[in-house]
Amino acid sequence: MILVMLGTQNNSFKRLLEEIDKLINKGIIQEKVIVQAGYTKYESKNMEIFSLIPREELEKYQKQANLIITHGGVGSIISSIKLGKKVIAVPRLHKYLEHVNDHQKQIIENFSENGYIIGIEDVTELEKAIEKAKTFEPKKYQANNEKMLSIIENFIDNLK
């Protein structure tokens, strides 16, 4: 099962769901897809879509998932890598009015460079990322607050 997590942003991330739908129709994605869509309104016969679901239920889906595809929200990424899951992260972009700025690009870049996730810059790279996920071995998450603080500090420094 693939879990798609779009967080609770009040902006749509329809582009990602359209790409996933396209990959299902092409036969690239053959597993069941469950989506936590937040405020993204999207209908598909190919996916089971929930707006907002209780944390306990979301955690249950995270534990069951073989792959998690998420936006660049720190909470979605960290909660998934803590479970040792393979994660593909795609940033919400300001130019599509999906977020107020492009900070998710830097968040994803940092987690990807450190070997925790497969980070991509645009939904058009999703097919290749799914192929890469088949052999990707994510770096094990360790509750090391210093390392996480370092990643966050690097992110903040890069914004300056």
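Highest mean first, the peptides 70-78, 41-49 sorted by other C-beta atoms within 10 Å per residue fall in the order 70-78, 41-49.
Please report the spacing between the Cα centers of the range 1-61 and the range 66-85 in Å, no decimals. First find each Cα centre; the distance between them is then 14 Å.
Each 10 Å bin, from zero up to the one with the longest distance, holds this percent of the alpha carbon pairs of the chain: 11, 43, 37, 9, 0.
For Asn114 and Leu83, what is the calculated FRET efficiency with R₀ set at 25 Å and r taken between the beta-carbons, to the nearest 0.05? Present the calculation step by step, with values, prior to reporting the outcome.
Values: r = 17 Å, r/R0 = 0.68.
Plugging the Cβ-Cβ distance into 1/(1 + (r/R0)^6) gives 0.90.
We did not get these values from a lab; they are worked out from the coordinates using the rules stated. Bear in mind the structure is a predicted one, so any value in this text is a computation, not a measurement. A quick note on method: Cβ atoms are made from the backbone with ideal geometry, for glycine too, and the neighbour counts reach across all protein chains shown.
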